[in-house]
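Below is one structure. I have some questions about it.
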There are 6 protein chains.
Amino acid sequence: MRPSKRAPDELRGISLERGVSKHAEGSCLVKFGDTHVLCTASLEDRVPPWLRGGGKGWVTAEYGMLPRSTGDRMRREAAAGKQSGRSLEIQRLIGRSLRAVIDLVALGERQITVDCDVIQADGGTRTAAITGGFVALYDCIAWMKTRNMVGDKVIKDHVAAVSCGIYQGSPVLDLDYAEDSAAETDANFVLTGRGGIVEIQGTAEGTPFSEEEFAALLGLAKTGIGRLVDLQKLTLG
Amino acid sequence: MRPSKRAPDELRGISLERGVSKHAEGSCLVKFGDTHVLCTASLEDRVPPWLRGGGKGWVTAEYGMLPRSTGDRMRREAAAGKQSGRSLEIQRLIGRSLRAVIDLVALGERQITVDCDVIQADGGTRTAAITGGFVALYDCIAWMKTRNMVGDKVIKDHVAAVSCGIYQGSPVLDLDYAEDSAAETDANFVLTGRGGIVEIQGTAEGTPFSEEEFAALLGLAKTGIGRLVDLQKLTLG
Amino acid sequence: MRPSKRAPDELRGISLERGVSKHAEGSCLVKFGDTHVLCTASLEDRVPPWLRGGGKGWVTAEYGMLPRSTGDRMRREAAAGKQSGRSLEIQRLIGRSLRAVIDLVALGERQITVDCDVIQADGGTRTAAITGGFVALYDCIAWMKTRNMVGDKVIKDHVAAVSCGIYQGSPVLDLDYAEDSAAETDANFVLTGRGGIVEIQGTAEGTPFSEEEFAALLGLAKTGIGRLVDLQKLTLG
Amino acid sequence: MRPSKRAPDELRGISLERGVSKHAEGSCLVKFGDTHVLCTASLEDRVPPWLRGGGKGWVTAEYGMLPRSTGDRMRREAAAGKQSGRSLEIQRLIGRSLRAVIDLVALGERQITVDCDVIQADGGTRTAAITGGFVALYDCIAWMKTRNMVGDKVIKDHVAAVSCGIYQGSPVLDLDYAEDSAAETDANFVLTGRGGIVEIQGTAEGTPFSEEEFAALLGLAKTGIGRLVDLQKLTLG
Amino acid sequence: MRPSKRAPDELRGISLERGVSKHAEGSCLVKFGDTHVLCTASLEDRVPPWLRGGGKGWVTAEYGMLPRSTGDRMRREAAAGKQSGRSLEIQRLIGRSLRAVIDLVALGERQITVDCDVIQADGGTRTAAITGGFVALYDCIAWMKTRNMVGDKVIKDHVAAVSCGIYQGSPVLDLDYAEDSAAETDANFVLTGRGGIVEIQGTAEGTPFSEEEFAALLGLAKTGIGRLVDLQKLTLG
Amino acid sequence: MRPSKRAPDELRGISLERGVSKHAEGSCLVKFGDTHVLCTASLEDRVPPWLRGGGKGWVTAEYGMLPRSTGDRMRREAAAGKQSGRSLEIQRLIGRSLRAVIDLVALGERQITVDCDVIQADGGTRTAAITGGFVALYDCIAWMKTRNMVGDKVIKDHVAAVSCGIYQGSPVLDLDYAEDSAAETDANFVLTGRGGIVEIQGTAEGTPFSEEEFAALLGLAKTGIGRLVDLQKLTLG
């Protein structure tokens, strides 16, 4: 029995709320249960130095947690003077995941930065960020389309993410913090709408895991991400 | 006529929403119109080094803006590697303002950190942060009271803040961003529930201002803060 | 009775010594009693990025304290790796105060940086820095005038500053360190030669203060700054 | 045909040279073809703060690249003032991988830091670092055993790592830089000597990959890591 | 002919002014011509961690330049976020030089920090800092003696420093900035009152120099430092 | 008797191995006994800002130590967030020493960066770095010559370095760590192939030293550097 009382293949209550920011070109407040992440997409007219003049655009992401998004207050990264290794690792993952479904040439020589700020954390912040970040990014590109800045082919597919793990010997979907802390194995999956794999990250917290266990996790992930993509489609109309 | 169409002594729509954080001992999402600040109060069992062993507690504040809380995306302070001078100045102001109504001896040797994170900015973020930060702090101390950690005398008074300015020659209350950008003079006032002055900060953006103009601003502030304190009382029951 | 034995409206011994730097375009060693601040004005031929090409100049300030300018040695900010929040706040105040009396268009697309370095501290370093910084700035612009770089209209007025406070219940002018440490309320005023208000910063250290007390402080400040401006005029000939 | 002319399941020439450091308690210069990583294990008598007094030890890793280990000189991280996100991500991976085969209680309250410094890079530095880092760690623990500091049960299994990828449509083992730059998919696998999975990281560089492709990569990894573990055993005698 | 019109073995006008700081236990404003350095000695009751409990004291130094001490304004090191390599190198030299004449055991487990801040620079700031720093240190130890904190044997000898160089083919003493910029060779010498050598640093700016040239520089340095030590004795009474 | 059993004027076993880096334009692994330094020379097509457009090139150096190159593990400078004062001082010395034998005009508007990374330390790392860095630099310029980027006159002379010291009262050549730690006086000499002096740095660790002692050290250095230059010539063919 999971602490959350959910069935092994049951997602938490998911919500995707668009247009939550007065200023951003695209935005989404994503909730995976008690995990709440505010995603905003900001369009800038210049690309990083290494892309200048190549006619190609860029999509990048930044990730942060509010100091009291967690059970114990964390030190503010701006006060500490640097982003933690964990934050850097997560924002690199979000950026790669979003770029996987974008045609950077069709985007043109512009950059979209997707900021994912965790308002409240209860496990799975990176997967919520990817899932909601896609919605913010989608709306930013829609904003560009209505201004004739881009055509129809910028977005190649949907992308969403979920975590799975082995909890007390059984594979379960979408771990909350209590489950994540006690899981033997923790894996994050990023898949496209058509089922292609974009990223897989699996980690044995204690005992190494087997190929069969990993296959079970991937199976759960496919189910869960299928539902997340359905929800994205519903939300985006 | 103000861009916001408000009367000179009219506040924006104000809302104070308590208990918005699953984790924090006290929290408040404060809205002054389109300015939204999430305030959380976190209790820690240790005080800064210079207070250790003195039997006195401490209240401090930290302030940050989400990168796309503003019209143009700002650089993330954690990525820049430091808090800006503006952020440091504002969080010092918030901390002083909140300490002004707390009996630090009655608090006991503990620290409360009030984090004020701007979710969306439209002028007056620091005054909203003080007004909402007080509510978060109040609830944190109530949380302590129900656990018999403190008595009844920790909070000495209410405290709230508002900005005023000279806009096109006329004194106006509670400037939004459009008004603030065009104002000749900008002043922030922090007052207690009983009308005592805690902080005054007045700045001439262009032409210096006169004693009479300043008196008019202070008059507006007293009116506005009176209403904010009433709202705090209503909210806190 | 004040620890300094001064009358409530009595300034410390003030001295403004011009031309103390072999290299700077303008300089002033200002003394408010035992508070000594070296102010230098440095002309540079380029403005900050956000002003480039606009035909407007800029005046900015930087502030620092020598490690043993104080009773206990402070950590060197360069060794600590950053300026403190207090230093940043003070240098922002000095810069705003000096800009208030400068016609930035008449200055032309150039920047003047006024460095204010505290050689010895005994309270009131920021107000001494503004008062002496104006002299350094004045001489820098005079230096430019003799080279036909600017016309006569760059400086619009004098500017000076002083602190006032409530000490043992009575309003007093120009607090030294002993008085400042014990004051209930501490306020800094920046006024122009014609009496316009440029900046007001008032802070209740313990008990909030009343409108009447604040008016008394402002009254003292007007007297004191009047004398400081007279001394500036005398010094500048 | 691979640029390296190797068969799809062929490793590069691998060498593990023990005892290369005069000072370290354990050391290994590992070569995967032209990728050369110097691994040293350093024993310290204290654990990180969060473990103190718990009777448990810790194994951690740090990773760096010499500035000209790469084709173009990279900026020295010490001069840049911080480790890159990539470095932090890799050293976290190495640390987790090595801890997976260590009984931290049997280690006792001590820390071993495994430094992995890339002398020359040609793809696969992180997998070489894990494979060689294990040898350095093993020798460090052997050093402790000869001094009766620990018993026989500290090391629970071997651990090694390899990268695999889809190159021009075919799954290949142990990518060098030329192959890695052109691969559609890149995955790193960390497995134990008994075949348990410790870490999986798979990334689609362009097109998402399928479950079948991923299974093929995992198959190659098992073969390759089997050989690496054999070589570790041979080296360690 | 030197630009300064001085004879080859002629020092600039030297002045050593004691007791210039209200707060420091010892202080000296040293002038070598237009090079002015404020030296303060600060006593602290604790030593660096690696000396704790050993009954030995420590003398250290910190060095900084005011931003407009130089012909062109330099960036403030506190704003840049770090001390330059040059500053670090100079302060290490000053610290070593002063320690060479102090009996650290006789000092007892305390630290004296000598801050050397360049108010105005015209070449030779490091040698002026050592010469004046010794005076500040001497007075700090005298301050301790009058409080019976130390005995008579803390200071073992005088120490002073001077620069020499080859200017247009001739060896000259005590280079000012104009001479230093054009010198082929620049050397700094630190000697004790009894003529022992503490530090020698010689650098060929362009052409390497010969053993004979170096001997000539050392000869000049002995003459110059002899006079500086005489002046220290005169000043210290 | 020296701990190393060497004669007073005997160098450690010296080895200079060229071409050790697959990527660098020039490289040398230099060994002075157990001190091993990897030197690479990297050619870049741009010079520092202050040289741009002047037709002159630049040679610079960077220095680092691997964390466990020493007896006790040192903190990684990239993790500490800055290079130590010692590292900065040493890399400035290496850069000056190498520039002394290069015709920067003949080099053309390009920069060569010589990275000196200490793989294993046993005293004398800076002198080994200069001696080996010259070989790497020489090969980099040879690489340029074969591509007709420069002519024959870029290198004006050889340059090498050695340390000497007074150990138990006697002058000795090329100190290892054990000797260096116990030496009363430590001096580093950088000389050219024709015997010109480029740099001299002598430091009394305890008792000041005499002119005669210094002359003895210089004598030893001339002998030792003569042999090092012979070895450079032999190596470079």
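Just so you know, all these numbers are worked out from the coordinates, no wet-lab data involved. Keep in mind the model is a prediction, meaning the values are calculated, not measured. FYI the Cβ positions are ideal-geometry reconstructions off the backbone, even for glycines, and counts take in every protein chain you see.
Placing +1 at every Lys and Arg Cβ and -1 at every Asp and Glu Cβ, with all other atoms neutral, what dipole size does the stretch A:12-54 have around its Cα centre, in debye to the nearest 20?
40
For label points placed 7 Å from Cα toward Cβ, what is the shortest-first list of nm distances from residue E:34 to its copies?
So the distances to the same position in the other copies read 3.4, 5.3, 5.6, 5.6, 6.9 nm.
Can you work out the Karplus-derived ³J(HN,Hα) for every residue in the stretch B:116-122? Use 6.51 cos²θ - 1.76 cosθ + 1.60 with θ = phi - 60°, whole Hz, and x for glycine or proline.
Working through the residues one at a time gives 10, 10, 7, 7, 8, 10, 8 Hz.
Which value, in debye to the nearest 20, describes the size of the charge dipole of the protein assembly as shown about its Cα centre when Lys and Arg Cβ atoms bear +1, Asp and Glu Cβ atoms bear -1, and nothing else is charged?
0
State the answer as a single residue: which of D:203, D:149, D:185 lies farthest towards the positive end of the charge dipole of the stretch D:136-211, with beta carbon charges of +1 for Lys and Arg and -1 for Asp and Glu, about the Cα centre.
It is D:149.
Moving to a separate point now. Quick check: from the Cα gyration tensor, does the stretch D:57-202 come out rounded (a/c under 1.5), prolate or oblate?
oblate
To make sure I understand, if each residue's beta carbon is the centre and we count other beta carbons within 10 Å, what order do E:137, E:66, B:43 fall in, fewest to most?
Going from least to most buried by this count: B:43, E:66, E:137.
Roughly what angle does helix C:211-236 make with the longest principal axis of chain C, taking Cα atoms, 0 to 90 degrees, to the nearest 10?
It is inclined by approximately 40 degrees.
To test your reading of the geometry: what angle, between 0 and 90 degrees and rounded to tens, separates the Cα axis of helix A:85-99 from the longest principal axis of chain A?
So the helix axis and the longest Cα principal axis differ by about 60 degrees.
What residues have an amide H closer than 5 Å to that of residue D:61, excluding those fewer than 5 places away on the same chain, when H is modeled at 1.01 Å from N in the peptide plane?
Hits under the 5 Å cutoff: D:95, D:114.
To make sure I understand the rule: partners must be lysines, Cα under 27 Å from the Cα of residue C:5, and not fewer than 8 residues away in the same chain. Which ones qualify?
Within reach: C:31, C:222, E:22.
Here's something else I'd like to know. Can you find, among D:104, D:33, D:69, the residue farthest towards the positive end of the dipole of the stretch D:1-116? Put +1 on the C-beta of Lys and Arg, -1 on that of Asp and Glu.
D:69
Under 5 Å between amide hydrogens, which residues at least 5 positions from residue D:205 or on another chain qualify, with H placed 1.01 Å from N in the peptide plane?
D:185, D:186
To the nearest 20 debye, what charge dipole does the stretch C:51-124 have about its Cα centre, counting +1 at the Cβ of each Lys and Arg and -1 at the Cβ of each Asp and Glu? Write out the running numbers ahead of the final one.
Values: 12 positive and 9 negative charges, 49 e Å.
Using Cβ point charges on Lys, Arg, Asp and Glu, the stretch C:51-124 gives about 240 debye.
Distances from residue C:170 to the same residue in each other copy, label points 7 Å out along Cα→Cβ, in nm, shortest first?
Its label point is 4.5, 6.8, 8.1, 8.1, 9.7 nm from the equivalent points in the other copies.
Continuing with the same structure: Would you calculate a helix-derived [θ] at 222 nm for the protein assembly as shown, using -39,500 (n - 2.57) for each DSSP H run of n ≥ 4 and dividing by the full residue count, to the nearest 500?
-10500 deg cm²/dmol
Moving to a separate point now. Please rank A:153, F:145, F:82, fewest neighbouring Cβ atoms within 10 Å first, as an exposure proxy.
A:153, F:145, F:82
Then there is this: Give the nm distances, rounded to one decimal, from residue A:215 to the matching residue in every other copy, measuring between label points 7 Å along Cα toward the beta carbon; shortest first.
Going from nearest to farthest copy, the values are 0.6, 8.7, 8.7, 8.7, 8.8 nm.
To continue, here is another question. Just to confirm the number: angle between the C-alpha axis of helix E:125-146 and the first principal axis of chain E, 0 to 90 degrees, nearest 10?
20
log10 I(q)/I(0), Debye, Cα-only the protein assembly as shown, no solvent, q = 0.04, 0.06 Å⁻¹?
Summing over Cα pairs of the protein assembly as shown leads to -0.28, -0.66.
Ranking B:62, B:44, F:212, A:109 by Cβ neighbours within 10 Å, fewest first, what do you get?
By the 10 Å Cβ count, ascending: F:212, B:44, A:109, B:62.
Mind checking which lysines have their Cα closer than 26 Å to the Cα of residue B:56? Skip sequence neighbours fewer than 8 apart in that chain.
Correct list for residue B:56: B:145, B:153, B:156.
Axis carrying A onto C: which residue of A has the nearest Cβ, and how far, whole Å?
So the closest residue, with its distance, comes out as A:81, 5.
Which of rounded, prolate, oblate describes the stretch A:1-58, given a ≥ b ≥ c as roots of the alpha-carbon gyration tensor eigenvalues and a/c under 1.5 marking rounded, otherwise prolate only if a/b is larger than b/c? The partial results should precede the final answer.
On the way: a/c = 4.84, a/b = 2.32, b/c = 2.09.
Prolate is the answer for the stretch A:1-58, as a/c is 1.5 or above and a/b outweighs b/c.
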